[in-house]
Structures are given as C-alpha cells and as structure tokens.
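Asker: Below are the structure tokens for one structure; questions will follow.
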Amino acid sequence: MKVIFSLLFLTQVFTYTNGSSRVNISSEDTIKFKAAGLVRYSDFGAIGDGKIDDAEAIAATHAFANRYGLPVKADNEATYYIGGKECTSVIRTDTDFGTAAFIINDTEVQNRNAPVFIVASGLQSFKLEGLSSLKRNQKKIDVSLPQTCLISITNSNVKHYIRFGPNQDKGSSQTDIFVVDKDGNVDMNAPIIWDFDQITDATALPIDMDTLTIKGGRFTTIANKAESKYTYYARNIAIKRSHVVVDGLEHRITGEGDHGAPYGGFINIGECSYVTVKNTILTGHKTYNTIGSAGVPVSMGSYDISVGRALNVSFIACSQTNDINDRRYWGILGSNYCKNLLYDSCTFSRFDAHKGVANATIRNSKLGHQGINAIGSGTFIVENTTVSGWSLINLRSDYGSTWQGEFIIRNCVFVPSGGKSTVANLISGSYSGKHDFGYTCYMPERITIENLHIDDSNHPDDYRGPAIFANFNPQMTDESYQETFPYVKTKEVILKNITTASGKTLRTSDNPFIFKDVTIVALSSNLQPQLQAPIAAKQIQQGQ
C-alpha cells in the first residue's frame with residue numbers, strides 16, 4: 001500500500017481503488033504526536049474490536065511513525081482484525097505491540113505473498129561493480145564502501161543444491177552472503193564459503209547499526225483453506241533489516257482442517273544480519289500432503305519460522321504451543337543460505353538447514369520429533385540439549401548429506417524417536433555416490449561426542465545396540481562398488497563417556513565397510529568394553 005500524506009484539518013485515512021492511500025494529518029495532531037514521542041494505532045482510526053479491518057489504519061500509523069522517527073505502541077486492550085486485503089505495514093521504528101491481540105484472517109486473501117508487517121531498512125542497496133571472482137575464506141575484497149554492508153554474490157553459471165528425491169529439482173545458482181566493512185574487510189566469523197570463478201551479480205546493502213526492537217503482541221492466524229500444494233503463504237512478519245530484536249511475541253494458529261497450503265514462516269528473516277528472537281512463543285503448522293516434483297506423494301514443509309540468506313540469527317528462550325513430539329505438526333524452522341544460527345534455551349520440534357548453514361550452535365534446548373537436520377560447513381555445536389528425533393543429527397540426503405567441517409556434541413541426551421521402539425543411530429544420512437549435487441559432498445571431518453546418554457530403553461527384540469553412523473549406502477559393502485561422485489568420509493571420531501539405557505554396546509554402523517577407515521578414539525576407560533568387537537575401525541586408542 002502506497003501512503004500519500006496531506007496536511008489538512010482532520011486526521012483521516014482514505015483508500016483509492018488503485019491500492020494507494022491518502023493520510024490526512026492535521027497540523028494540530030502532528031504537533032501532538034511529536035510531542036507525545038510516540039504514535040498509536042487508534043490515532044489513525046484503528047478500532048481494535050476484533051471485527052472491523054484495521055490493516056489500513058495500522059499501515060498509516062507506521063508510515064507516519066517512519067516519516068517522523070517515532071516509536072509505535074498498540075493499545076493493550078485492543079484486538080486488531082486484519083483481513084485478506086493486500087496491505088503491508090512497513091516498520092522502521094521501535095514497535096511495542098504490548099498485550100494487544102491481532103487476528104490475521106487468511107481464509108480469503110488478495111495476495112498470499114504480501115507480508116502483514118515488513119521490518120525494513122531505510123537504506124538502499126546498490127550494485128557492486130568490479131568484482132570478477134572470489135575465493136573461499138578470502139579475507140578482503142577490492143571494494144570501497146560507504147559503510148559496513150551486507151554483500152550478496154551470485155554466479156548464475158554454476159548450479160548448487162541440485163536436489164535429489166521426491167522433491168528433486170535442477171538446483172540453484174551459486175550464491176553467498178557475507179558482511180564487509182567500508183575498507184573491504186570480510187567478517188571472518190561468517191566467511192565466504194565458496195570459490196567463485198565468475199560473478200554475474202553483486203549487490204551491497206548498507207547495514208543499519210542501531211537496534212530496532214519489536215516487543216509483545218498476541219497474534220492468531222486463521223489458517224487458509226487453499227488446495228494442498230506448494231503455494232506458500234507469506235502473511236507474516238518479514239524481517240529484512242539488520243540489528244533487530246523481537247521480544248515476547250506470541251503466535252497461534254486456528255482453523256486448520258484436512259487440507260491447506262503451507263506457510264513460509266510467521267517470523268520470516270532474510271537478507272539481513274544480527275537478528276535476535278527471544279522470549280517468543282510460536283506454533284507448529286499441521287502437515288499436509290501433495291504430489292512432489294518426482295510425481296510421488298510428499299509431506300509439505302510448513303513453517304512458523306523461516307530464515308533465508310541471513311547471518312548471525314539467534315533464538316533465545318523460545319518455545320512452541322504444540323507438543324514438540326506430536327507428528328501431526330511439521331517442524332517449526334526451515335532455513336537456507338544462513339551463517340551462525342543459534343538456539344539457546346529453546347523448546348522446538350526441529351532445527352533444519354536445507355541449502356546449507358555455515359556454523360550453528362544448539363545449547364540448553366529440547367528438540368522434538370524432527371530433531372536436528374542439516375547440511376553445511378564449519379562447526380556445529382550441540383550441548384546441554386535433549387534430542388528426540390530419529391537420529392541425534394541427520395545429514396539431509398536430498399542435498400547430499402554433506403557437512404564440510406566438524407561436529408561437537410557435549411553433555412546431551414538422545415531419545416531415539418521420542419522413546420518409540422526403534423534402533424538408535426547417532427549420525428544419519430544417505431549417499432549413493434551416483435547423483436551430482438553440484439558440489440563435493442563431505443561427512444564431518446571430525447566428530448567429538450562427550451558425555452552423551454542414549455535413552456534406547458525401548459527397542460526391537462533384534463536390537464544390536466546404538467550405532468555411531470547409520471547405513472549411508474546399503475549397496476556399498478565392498479570395494480566393487482564405485483561412486484561416480486565420491487563421498488569424503490569422516491577421518492576421526494572422539495568418544496568420551498557414552499552411556500546407554502539398554503546396556504547395549506556402541507557400534508560403528510550396520511554397514512561397517514563404509515567407515516572402515518575412520519579412526520575412533522576412546523578417551524575414557526568406561527568406553528573400552530564398548531569399543532571392542534562391535535566397533536569396526538582402523539584404529540582404537542585408549543587415552544586419559
């Protein structure tokens with residue numbers, strides 16, 4: 001919605017058939033709002049009765065606030081109704097939703113891709129000229145910038161993430177996103193992760209250095225009734241600005257039936273850095289089925305959190321309203337092209353990195369039925385966390401079960417399949433060596449597991465004990481199997497103080513041949529009985 005300001009005698013909002021609105025602001029009200037130091041939705045005609053559509057009044061409020069640099073505050077007792085009309089409110093100033101309720105009705109929408117709120121920068125991106133190539137871990141680029149910027153790089157002539165399986169595709173253009181200061185120095189906490197032999201597009205977005213805060217708000221989405229296919233709904237809060245804190249927000253979902261289109265995240269974070277979501281309650285979406293690109297039935301991913309092309313994003317003390325082990329609901333997070341993701345003190349059904357994450361940390365948390373799923377690079381740390389997925393960490397097979405870096409797992413509890421009768425694999429994935437994903441695929445070079453308890457008390461009668469690795473390729477049982485695209489295997493696994501509820505011994509894998517060259521290092525005497533016959537490894541060392 002385009003907002004046009006006009007100074008007249010009365011403060012009113014008018015909407016035209018072309019979608020633009022005129023906001024009349026009286027001189028008296030302008031002086032009053034500026035003197036108050038904030039503006040409220042009711043100042044621009046929001047009713048807040050939960051019935052009359054307040055979207056235009058809300059958008060006008062933010063437009064005025066953005067113009068004069070004023071914070072926005074909702075009326076705490078109000079219930080704001082937001083219908084299906086396309087009307088996005090642009091947030092550029094601190095906003096306190098307080099204890100106000102917001103009802104977002106998605107049953108009939110004009111544009112499913114239009115956010116309800118977008119947290120946007122007032123700074124403009126610009127094309128970056130003169131870059132012809134880049135190297136992985138390059139520390140400096142030859143550019144001069146007006147200030148610290150978020151740099152997006154693309155080589156459309158190279159395809160990565162060529163997906164395998166029911167949702168197969170032809171891949172995405174090689175891309176990367178990173179922070180560079182005005183002198184061209186790359187922030188090495190989120191380094192360049194690819195070699196770019198050619199650059200077809202380069203964009204710089206100046207980073208807002210002040211922090212914008214969004215507080216409170218009790219949001220309820222009335223779910224769409226659309227056909228169950230991949231027509232994602234983006235009726236959300238889209239964060240497209242760096243240095244943002246979301247604190248104390250709540251989002252619930254009602255009206256889900258036996259079908260519906262998926263959601264792309266009520267909190268959708270992208271093209272930005274340094275975003276923190278804390279003390280926030282979200283809701284998992286019901287899982288619906290459709291036909292995937294390979295012509296077979298698939299379960300559709302539907303998210304309440306989505307993070308894409310974003311750096312340094314943290315979720316702290318967050319949870320969800322539904323049971324994290326209820327399989328009727330899809331995992332709450334989906335992410336692509338991210339660096340430095342953090343869960344701290346969260347209770348969520350899933351952590352997931354589709355098209356790669358560079359560095360991730362999960363600590364002091366509980367993860368439910370979809371557990372930890374990731375591909376990427378750098379260091380993945382999981383500590384002081386309980387995981388109830390089908391494996392401790394699953395390397396996504398549709399993107400090559402690849403992690404170029406290291407896993408560190410400390411002081412954790414693994415409850416396979418949430419306590420259902422099952423076998424236990426710590427690291428799972430699948431790799432045939434016959435599919436080109438667009439990049440070399442790796443297993444973590446080093447895996448360190450310290451103080452892990454495996455609650456495998458409920459298991460099948462033929463259970464042989466937990467395995468470090470799942471059977472990544474059942475066909476690869478001897479040297480006769482040749483990979484067209486070789487998988488770079490783990491070099492070393494370091495184990496210390498691993499215990500099991502079943503009393504069963506830890507094994508390498510149901511298919512030890514694949515991992516015959518892995519060095520397994522035992523650093524505590526209690527592991528010695530576990531590291532005898534059941535472990536097939538090149539070398540076993542006893543340490544202190």
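Asker: For the chain, what proportion of DSSP beta bridges, expressed in % and rounded to the nearest 5, is antiparallel?
Answerer: Working: 28 of 162 bridges.
In the chain, approximately 15 percent of DSSP beta bridges are antiparallel ones.
Asker: Calculate, in nm to one decimal, what Phe485 and Ser132 gain on full extension: separation in residues at 0.36 nm each, minus their alpha carbon distance.
Answerer: Length gained, Phe485 through Ser132: 124.2 nm.
Asker: Give me the tail of P(r) for the stretch 313-395 as a percent: Cα-Cα pairs with distance above 16 Å. Walk me through the numbers on the way to the answer.
Answerer: Values: 1503 of 3403 pairs.
The share of Cα pairs beyond 16 Å in the stretch 313-395 comes to 44 percent.
Asker: Using a cut-off of 17 Å between alpha-carbon atoms, which lysines can reach Lys139, once sequence neighbours fewer than 8 places away in the same chain are excluded?
Answerer: Leaving aside lysines fewer than 8 places away in the same chain, those within reach of Lys139 are Lys182, Lys339.
Asker: For the stretch 389-530, which whole-number percentage of the solvent-accessible area (1.4 Å probe, protein heavy atoms only) is attributable to carbon and sulfur atoms? Could you put the intermediate results ahead of the total?
Answerer: Details: 2620 of 5590 Å².
The value for the stretch 389-530 is 47 percent carbon and sulfur by accessible area.
Asker: Another question, if that's okay. Multiplying the sequence separation of Asn157 and Thr347 by 0.36 nm and subtracting their Cα-Cα distance, what value in nm do you get? Intermediate values should be presented prior to the final figure.
Answerer: Values: separation 190, 0.36 × 190 = 68.40 nm, distance 4.07 nm.
The Asn157-Thr347 span can extend by a further 64.3 nm.
Asker: Convert each backbone phi in the stretch 387-397 into a coupling constant with the Karplus relation 6.51 cos²θ - 1.76 cosθ + 1.60 (shift: θ = phi - 60°), then list the ³J(HN,Hα) values in order as whole Hz, x for Gly and Pro.
Answerer: Using θ = phi - 60°, the values come out as 10, 10, x, 6, 9, 5, 9, 9, 8, 4, 6 Hz.
Asker: Please list the radius of gyration and Dmax for the chain, considering alpha-carbon atoms only, with Å as the unit.
Answerer: Answer for the chain, Rg first and Dmax second: 25.4, 88 Å.
Asker: Ok, one more. Going Cα to Cα from Lys73, which lysines come in below 22 Å? Please leave out same-chain ones fewer than 8 positions away.
Answerer: Lys2, Lys32, Lys34, Lys51, Lys215, Lys240, Lys278
Asker: Pull out the extension gain between Glu383 and Gln475, defined as 0.36 nm times the separation in residues minus the alpha carbon to alpha carbon distance; nm, one decimal.
Answerer: Numbers: separation 92, 0.36 × 92 = 33.12 nm, distance 3.40 nm.
In short, 29.7 nm is gained.
Asker: Here's a follow-up. What residues have an amide H closer than 5 Å to that of Thr200, excluding those fewer than 5 places away on the same chain, when H is modeled at 1.01 Å from N in the peptide plane?
Answerer: Close amide H contacts, sequence-distant or interchain: Thr154, Asn155, Ser156.
Asker: Could you derive backbone 3J(HN,Hα) for the stretch 199-216 from the dihedral phi with the Karplus parameters 6.51, -1.76 and 1.60 (θ = phi - 60°), listing whole Hz in sequence and x where the residue is Gly or Pro?
Answerer: Those phi angles translate into 10, 9, 7, 9, 10, 10, 10, x, 9, 5, 8, 8, 8, 9, 10, 10, 10, x Hz.
Asker: Also, I was wondering about something else. Going by a ≥ b ≥ c, the root eigenvalues of the Cα gyration tensor, does the stretch 70-228 fall in the rounded group (a/c under 1.5), the prolate group (a/b larger than b/c) or the oblate group? Mind dumping the intermediate values first?
Answerer: Values: a/c = 3.00, a/b = 1.54, b/c = 1.95.
Taking the square roots of the gyration eigenvalues as a ≥ b ≥ c, the stretch 70-228 is oblate.
Asker: Only four residue types carry charge here, +1 at the Cβ of Lys and Arg and -1 at the Cβ of Asp and Glu. Report the dipole size of the stretch 94-251 about the Cα centre in Debye, rounded to the nearest 20. Please list the in-between numbers first.
Answerer: On the way: 17 positive and 19 negative charges, 96 e Å.
Around 460 debye, computed over the stretch 94-251.
Asker: If amide hydrogens are placed 1.01 Å from N in the peptide plane, which non-local residues have theirs closer than 5 Å to the one on Asn312?
Answerer: Sorted by chain and number, the residues that satisfy this are Tyr274, Lys339, Asn340.
Asker: Further question: Can you give the accessible area per residue of the chain, in Å², using a 1.4 Å probe? Kindly include the intermediate steps, with their values, before the conclusion.
Answerer: Details: 22120 Å² over 544 residues.
Here the residues of the chain average 41 Å² of exposed surface.
Asker: Now a separate question. Counting only residues 5 or more places away or on other chains, whose amide H sits under 5 Å from the amide H of Tyr81 once H atoms are built in the peptide plane?
Answerer: Gly48, Asp49, Gly50, Lys51, Asp54, Ile103
Asker: If you don't mind, another one. In terms of the Cα gyration tensor, with a ≥ b ≥ c the square roots of its eigenvalues, is the stretch 439-483 rounded because a/c is under 1.5, prolate because a/b exceeds b/c, or oblate? Don't jump to the answer; show the numbers that get you there.
Answerer: Numbers: a/c = 3.40, a/b = 1.41, b/c = 2.42.
It is oblate, given that a/c is not under 1.5 and a/b is not larger than b/c.
Asker: Can you give the helix-only mean residue ellipticity at 222 nm for the chain, where every DSSP H stretch with n ≥ 4 adds -39500 (n - 2.57) and the sum goes over all residues, rounded to the nearest 500 deg cm²/dmol? Walk me through the numbers before you get to the answer.
Answerer: Working: 2 runs with 24 residues, N = 544.
That calculation yields -1500 deg cm²/dmol at 222 nm.
Asker: Further question on the same structure: Thinking of the stretch 75-154 as a set of Cα atoms, what percent of all their pairs are more than 21 Å apart? Walk me through the numbers on the way to the answer.
Answerer: Values: 1752 of 3160 pairs.
Pairs farther apart than 21 Å: 55 percent.
Asker: What Rg and what Dmax come out for the stretch 416-498 when only alpha-carbon atoms are used, in angstroms?
Answerer: Rg then Dmax for the stretch 416-498, in Å: 15.2, 41.
Asker: Give me the percent of accessible area attributable to carbon and sulfur for the stretch 291-377, probe 1.4 angstrom.
Answerer: Numbers: 1150 of 2380 Å².
Roughly 48 percent of what the probe reaches on the stretch 291-377 is carbon or sulfur.
Asker: Tell me the label-point distance for the pair Thr254, Lys516, using the 7 Å Cα-to-Cβ offset, in nm and rounded to one decimal.
Answerer: 6.2 nm
Asker: Also, I was wondering about something else. Find the centroid of the Cα atoms in the stretch 491-525 and in the stretch 95-148, then give the distance between the two in whole Å.
Answerer: 44 Å
Asker: Now for a different question. Could you grab the Rg to Rh ratio for the stretch 292-449? Cα atoms only, Kirkwood for Rh.
Answerer: Details: Rg = 14.8 Å, Rh = 15.7 Å.
That ratio is 0.94, to two decimals.
Asker: Here's a follow-up. Add +1 for every Lys or Arg and -1 for every Asp or Glu among the other residues with Cβ under 9 Å from the Cβ of Lys215, and state the total. If you can, show how the numbers build up before the last one.
Answerer: Values: positive: none; negative: Asp94, Asp96, Asp247.
With Lys, Arg at +1 and Asp, Glu at -1, the neighbours total -3.
Asker: Check the straight Cα-Cα distances from Lys504 and name the aspartates and glutamates below 16 Å, setting aside those fewer than 8 residues away within the same chain.
Answerer: Asp455, Asp456, Asp461, Asp462
Asker: Right, something else. Go through the stretch 78-92 residue by residue and turn each phi into a ³J(HN,Hα) via Karplus (6.51, -1.76, 1.60, θ = phi - 60°); whole Hz please, and just put x for glycine and proline.
Answerer: After applying 6.51 cos²θ - 1.76 cosθ + 1.60, I find 7, 10, 8, 9, 10, x, x, 5, 6, 7, 9, 8, 9, 9, 10 Hz.
The values are calculated or read from the model by the stated rules, or taken from the named source; none is laboratory data. Since we're looking at a predicted model, the values are computed, not measured. Heads up, the Cβs are rebuilt from the backbone with ideal geometry, glycines too, and the neighbour counts pull from every protein chain shown. Note: areas computed on protein heavy atoms with side chains; ligands, DNA, RNA excluded. Shrake-Rupley method; radii C 1.70, N 1.55, O 1.52, S 1.80 Å.
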